Every structure is written in C-alpha cells, then in structure tokens.
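Data block below; observations after.
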Amino acid sequence: MLEVQNLTIGVRGGRELVHGVSFGVEAGQWLAIIGESGSGKSISAHAIGDLLPQNLRREAGRLRLGDADLLTCGPRRMRRELGQNLCYVFQNYTGAFSPYYRLGEHMHEALTAHTGLDRHKRRRRIADALEEVNLDPDATLTRYPFQLSGGQMQRVVLATALMLRPRLLIADEPTTALDAKTQADVLARIDDLRRSTGCAVLFITHDLRCVIDRADRIAVMRDGRIVETGVTAEVIAAPQHEYTRNLFASVPAVDLRPDRLPVFDDEEDNT
C-alpha cells in the first residue's frame, strides 16, 4: 500500500533532519512509528503527502502509494490523492476547520471535492460517519467549531477522514490532547475503519500505551533514523536496540491486583 525507501528531509541549504528512513505499510495493516519528541516522526509523515513547510526539502529513492508515485505527482494529482486515497488526522484539530463555517459546510465541501455523490448521498454518508464516532449529526452539523469540546472536535476530524474511505490513514498523534475515555474511543474507531475497509494505518505517537494493543508492527525512531522495526509483540518482548529497551522501560506499569491496591481507613475522611 505504502512504500517509503531512503527518505531524507532537510532544511534547504542546511542540515538534515531525517536520514534515509525506509518502511512500508500493507493494506489492512497498522504500523506505529514511535519515539521521543523531535525524533522525526511527524515530518516523515508529512513528507509522504508533500505537506512539509517550504523551508524543508524531501528526497527519496522511492515513495509510492499504490500505483501513485508521490515524488512526481503534480499539485492536481496530489490534491486528488489527498482525500481519495490518503487522509490525515492531525494532533492540532483546531487547524482543520475555519471558525467562520459550520461543521456541516466543512464536511459537505470535503465530499464535494473528492467524490461524485449528490447532496442526499453526501448527507447520509456524513451522518453515518458522525454516528460512527458517537456524535449526534443533528446536534453537530449546525454548530461552529468553537461550540464543541476538544474531544468532540477531534472526533469530527476523524469522522471527516472516515467518510472519505481512504486507502491509507495517517494519524499524527491524534490522541495526545484527549482524555483517556475519548482516547480509547478514537483508537477503536480507527481500528474499526481498518478492519471493515482494509485501510492501512500509519500511526505516529510517543505514547507507547496507545499502540501496544492495536499496532501490528512498530518502527522506532531516534534522531531522524529508524533504529528498530518489527512485529509489535516481538519488539515488546525482546527489543534489540538499547534505545528501544530504554523507551519501553520508561512506561510506568500499573498493577491492579487486589492485594496491591491502597487500603483506606474507614475512620478517615477520604473524599
């Protein structure tokens, strides 16, 4: 589905930030790229869709999505790929919508740009997508972005991506700003999309707990390089690189066995 070979990103006329990164994602597969902040995860993901800032350059030996060569796509072809075959869900959900338009207008515009559906079918698909992320379409579509909570907005962003039914979903730290319950809901919806449509998922995060139960494979990045990659269970059970071992050791373990839970004295006020 996605093939990335020898991806290099650098400042124009300056130093390299990502050094010869290679990875692939197959149809229906969930690949998580993990690592500390500043390791190059996000800019590598942005480079796939040619979304880097103008002061950065990308080079690669191969960068393909299905039969599309993303290195040679012109602006018109890339716009078609971004929406029909490749969708992003970003951490900064507030930047996905204009505050001057209702959410329904945003979602209709996305479907109009990337599908040939008539208004009735667009309305039905939008409603289905919002219901999939546990939002009431009637209460959501007439509102402006500032009228929703952060968790609700992130789910609208996810619904917008889901309704386009992409072949590849790139989720760039989409759960960082969410509470634990909403975070679990977002991950479950992404997994539902993957299982029901065969969509590939490239998940960028520094929160290991978000991906341990979901990802098929893990790629570990440090200082702009992939230092280890493999099947999730195998990497967790026997990490080969010292950085990977230190990364997993930094995740606090929560022991919920009854004999390890705190015991309170009934005579004390524990409210």
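Every condition in (1) over 30 Å from residue 213 (Cβ atoms); (2) among the small types (Gly, Ala, Ser); (3) touching a Leu at 6+ places or on another chain (Cβ under 8 Å) holds for residue 14 except the one numbered (3). Every test in (1) within 23 Å of residue 95 (Cα to Cα); (2) out of contact with any helix residue (DSSP H, G or I) (no Cβ under 6 Å at 6 or more places or on another chain); (3) not β-branched (Val, Ile, Thr) is passed by residue 192 save one, and that test is (1).
Here residue 90 clears all of (1) aromatic (Phe, Trp, Tyr); (2) at pLDDT 90 or above; (3) surrounded by 19 or more Cβ atoms within 10 Å (Cβ to Cβ) except the condition numbered (2). Of the residues that sit in segment 43-83 and are under 16 Å from residue 224 (Cβ atoms) and in contact (Cβ under 8 Å) with a residue 60 or more places away in the chain, which one is nearest to the chain's Cα centre (by Cα)? Ranking the qualifying residues of segment 43-83, first place goes to 45. Going through 52, 31, 17 one at a time, which residue ends up being part of a strand (DSSP E or B), under 30 Å from residue 197 (Cβ atoms) and either touching a helix residue (DSSP H, G or I) at 6+ places or on another chain (Cβ under 8 Å) or at pLDDT 90 or above (or both)? Sole residue among the options that is part of a strand (DSSP E or B), under 30 Å from residue 197 (Cβ atoms) and either touching a helix residue (DSSP H, G or I) at 6+ places or on another chain (Cβ under 8 Å) or at pLDDT 90 or above (or both): 31.
You will find that of 114, 120, the residue that is surrounded by 15 or more Cβ atoms within 10 Å (Cβ to Cβ), more than 26 Å from residue 22 (Cβ to Cβ) and more than 17 Å from the chain's Cα centre (by Cα) is 114 and no other. Could you check how many residues of segment 204-253 are more than 16 Å from the chain's Cα centre (by Cα) and either exposed (fewer than 13 other Cβ atoms within 10 Å of the Cβ) or over 25 Å from residue 9 (Cα atoms) (or both)? Residues flagged as more than 16 Å from the chain's Cα centre (by Cα) and either exposed (fewer than 13 other Cβ atoms within 10 Å of the Cβ) or over 25 Å from residue 9 (Cα atoms) (or both) within segment 204-253 amount to 19.
Among residues of segment 123-150 that are without any contact (Cβ under 8 Å) to a residue 40 or more places away in the chain, those with a beta-carbon under 7 Å from a residue that is among the basic types (Lys, Arg) at least six positions away or on a different chain give the pairs 135/155; 141/102. Looking only at segment 170-198, residues that are over 13 Å from the mean Cα position of the chain (by Cα) and without any contact (Cβ under 8 Å) to a residue 24 or more places away in the chain come to 4 in all. Residue 166 falls short on exactly one of the conditions (1) in contact with a Gly (Cβ under 8 Å, 6 or more places away or on another chain); (2) part of a loop (DSSP other than H, G, I, E, B); (3) more than 24 Å from residue 26 (Cα to Cα); (4) not β-branched (Val, Ile, Thr), and that condition is (3). Selection of segment 141-163 for residues being of a type outside the set (Gly, Ala, Ser), surrounded by 19 or more Cβ atoms within 10 Å (Cβ to Cβ) and part of a helix (DSSP H, G or I) yields 145, 152, 153, 154, 155, 156, 157, 158, 160, 162, 163. A single entry from 58, 102, 122 fulfils the requirement of being more than 20 Å from residue 161 (Cα to Cα) and modelled with pLDDT of 90 or more: 58. Can you name every residue in segment 123-140 that is surrounded by fewer than 18 Cβ atoms within 10 Å (Cβ to Cβ) and under 22 Å from residue 100 (Cβ atoms)? Across segment 123-140, the qualifying residues are 123, 138, 139.
Every condition in (1) touching a Lys or Arg at 6+ places or on another chain (Cβ under 7 Å); (2) part of a strand (DSSP E or B) holds for residue 87 except the one numbered (1). Of the residues in segment 12-39, how many are under 15 Å from the mean Cα position of the chain (by Cα) and buried (at least 18 other Cβ atoms within 10 Å of the Cβ)? Matching residues across segment 12-39 total 8.
The values are calculated or read from the model by the stated rules, or taken from the named source; none is laboratory data. On a predicted model such as this, the values are computed, not experimentally measured, just so you know. Reconstructed Cβ throughout: ideal geometry from the backbone, glycine too, with neighbour counts over all protein chains shown.
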